[in-house]
Structure formats: C-alpha cells, structure tokens
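Structure first, then comments.
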Amino acid sequence: MPYLAWSDELDTKIPELDAQHRVMIDHVNAVHDAAASGEAGTLQSAMQHLIDCVRRHFVFEEKVLEAIDFAGTREHQGVHENILKQLQEYQDRMASASPAEAEELADALGPWVVEHIRHDDLDFGPTVREWLRDAAPPDDPFRKLVGDS
Ligand SMILES: [Fe+2]
Ligand SMILES: [Fe+2]
C-alpha cells in the first residue's frame, strides 16, 4: 500500500490536471519511502524531484487559470508560492535532520499537498469544464492542453 493513495475526492475531472496530480502523489510517496530508508542522499533527491514536479505542475495550472480568466487566479498563485516555499523549507530541514526527524517531516508534508488539491484545486474544476463546454471553440488548442475528453 502506498503512503498516500489517489481517491475520487481529488478528481477535478480535467484529465491533464488529474494526471499531473497523480504524479505529484507518486512523488510524495517516493519521499515517504526515501525517508523510511534512512538514506539522507536518497531523501534529498526524492524531495528535489517532488519540488521540480510541483513547480512544473503549478506553472501549468496557473496557465489554465489565466486562460479561463478564473476569478481566484491571483489568490491561487499565492497559495502555490507558499507551498513551494514550504517544500523548500522541508527540504532544508531534512538536510540536517536525524533519520527519525526526517521521517516525521516526510509524514507531515504529504497531507497538506493533498489538501491543496482537495480544497483549492477542486474549486476551479467546474469553471474549467464550463469553459470547455460553452466557450472554447472546438479546435481551440487549449482543449488539447487540458486533455478534454
Ligand atoms: Fe494542482
Ligand atoms: Fe493548485
């Protein structure tokens, strides 16, 4: 059993975003496993992969929010910035933590990464779907980008 599992509660029903969220969860699980291994180098590299993945995802997601003119775009960007800052802080703290402390840190970061999807990302799902249904021309390249099905 992975540490964090995908659930329907995290489903934005926007295929490309959901695919990226699943990859993020895989990376959180890899951080958890790396912390359990007690190898500091493995943990640092797993954290770096998570941070890189989250950063790429946030850039993509913000592009989507701007494309649909989502009212909460600015606020959402602020939340993303804060998450990246916190992940960086976790990585720094892990670098000087004991194996037991590193495990505690790894356990603590998973839930709030998932909470962001559950609470904040689900807010804009309906607006993106509405935009795809009503506003986007059938050949709009943005459709491909978000994985309109
Ligand atoms: Fe997201
Ligand atoms: Fe987000």
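Each reported figure results from applying straightforward, stated rules to the coordinates on display, with no laboratory input. Just so it is clear, the model here is predicted, and its values are computed rather than measured. All Cβ positions, glycine included, derive from the backbone under ideal geometry; neighbour counts span all protein chains shown.
General observations
- Comparison of VAL79, VAL28, VAL59, VAL64 shows that the only residue that is within 14 Å of ligand 1 (Cβ to nearest atom), among the aliphatic types (A, V, I, L, M) and free of Cβ contacts under 8 Å to residues at least 12 places away in the same chain is VAL59.
- All positions within the range 100-129 that are of a type in the set (Val, Ile, Thr), more than 10 Å from ligand 1 (Cβ to nearest atom) and surrounded by 19 or more Cβ atoms within 10 Å (Cβ to Cβ): VAL114, VAL128
- Selection of the range 67-76 for residues being surrounded by 15 or more Cβ atoms within 10 Å (Cβ to Cβ) and either without any contact (Cβ under 8 Å) to a residue 12 or more places away in the chain or more than 10 Å from ligand 2 (Cβ to nearest atom) (or both) yields ALA67, ILE68, PHE70, THR73.
- Considering VAL54, VAL64, VAL28, the condition of being surrounded by 15 or more Cβ atoms within 10 Å (Cβ to Cβ), under 22 Å from ALA135 (Cα atoms) and within 15 Å of ligand 2 (Cβ to nearest atom) is satisfied by VAL64 alone.
- Qualifying position, being of a type in the set (A, V, I, L, M, F, W, C), without any contact (Cβ under 8 Å) to a residue 40 or more places away in the chain, in a helix (DSSP H, G or I) and over 27 Å from LYS13 (Cα atoms), among ALA100, ALA106: ALA100
- Comparison of LEU84, LEU50 shows that the only residue that is closer than 15 Å to VAL31 by Cα, touching a residue at least 24 places away in the same chain (Cβ under 8 Å) and not polar (S, T, N, Q) is LEU50.
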